[in-house]
Amino acid sequence: MQHRKDKLRQKNIASNVDAMIVIGDKKSSNTGKLVEICQEECKNTVFIQTLEDLDYGALLSVDSVGITAGASTPKHIIEEVQNIVRSKF
């Protein structure tokens, strides 16, 4: 049941933003599923492992950005991305 709620929450976020950032390990099946879910609702979905992977140029023409992360993504990486997105968008 929790998995279904999480999926619905991710779909809701992705359907209400101009771009979606998914943070996580490229080898993680959990994160890969998040990418698929987000891409269904937001074609401008990017999959990154760290802040260094983020292409700011791809996000210049957007007004709103959603962020989600795989379950095992370190908190400090999520916070770094959130802080940059908040300061730039």
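The values are calculated or read from the model by the stated rules, or taken from the named source; none is laboratory data. Note that the coordinates shown come from a computational prediction; the quantities given were computed from them, not determined experimentally. Here the Cβ positions follow ideal geometry from the backbone for every residue, glycine too, while neighbour counts run over all protein chains shown.
Kindly establish whether Ile23 is of a type outside the set (Ser, Thr, Tyr), on the phi < 0 side of the Ramachandran plot and surrounded by 17 or more Cβ atoms within 10 Å (Cβ to Cβ). For Ile23, the condition - of a type outside the set (Ser, Thr, Tyr), on the phi < 0 side of the Ramachandran plot and surrounded by 17 or more Cβ atoms within 10 Å (Cβ to Cβ) - is met. Being at pLDDT 90 or above and assigned to a loop (DSSP other than H, G, I, E, B) is true of Ser72. Quick one: in the stretch 43-56, which of the residues that are of a type outside the set (A, V, I, L, M, F, W, C) and buried (at least 16 other Cβ atoms within 10 Å of the Cβ) is nearest to Leu8 (Cα to Cα)? Top of the filtered list is Thr45. If you go through the stretch 34-60 and keep only what is in contact with a Gly (Cβ under 9 Å, 6 or more places away or on another chain) and not β-branched (Val, Ile, Thr), you end up with Leu34, Cys38, Cys42, Phe47, Gln49. If you go through the stretch 52-69 one residue at a time, do you hit one that is aromatic (Phe, Trp, Tyr) and at pLDDT 90 or above? Looking for residues that are aromatic (Phe, Trp, Tyr) and at pLDDT 90 or above, one finds none in the stretch 52-69, hence no. Considering Glu40, Glu80, the condition of being outside any loop (DSSP other than H, G, I, E, B) and surrounded by fewer than 16 Cβ atoms within 10 Å (Cβ to Cβ) is satisfied by Glu40 alone.
Which of the residues belonging to the stretch 57-69 are polar (S, T, N, Q) and either in a loop (DSSP other than H, G, I, E, B) or surrounded by fewer than 10 Cβ atoms within 10 Å (Cβ to Cβ) (or both)? Ser61, Ser64, listed by residue number.
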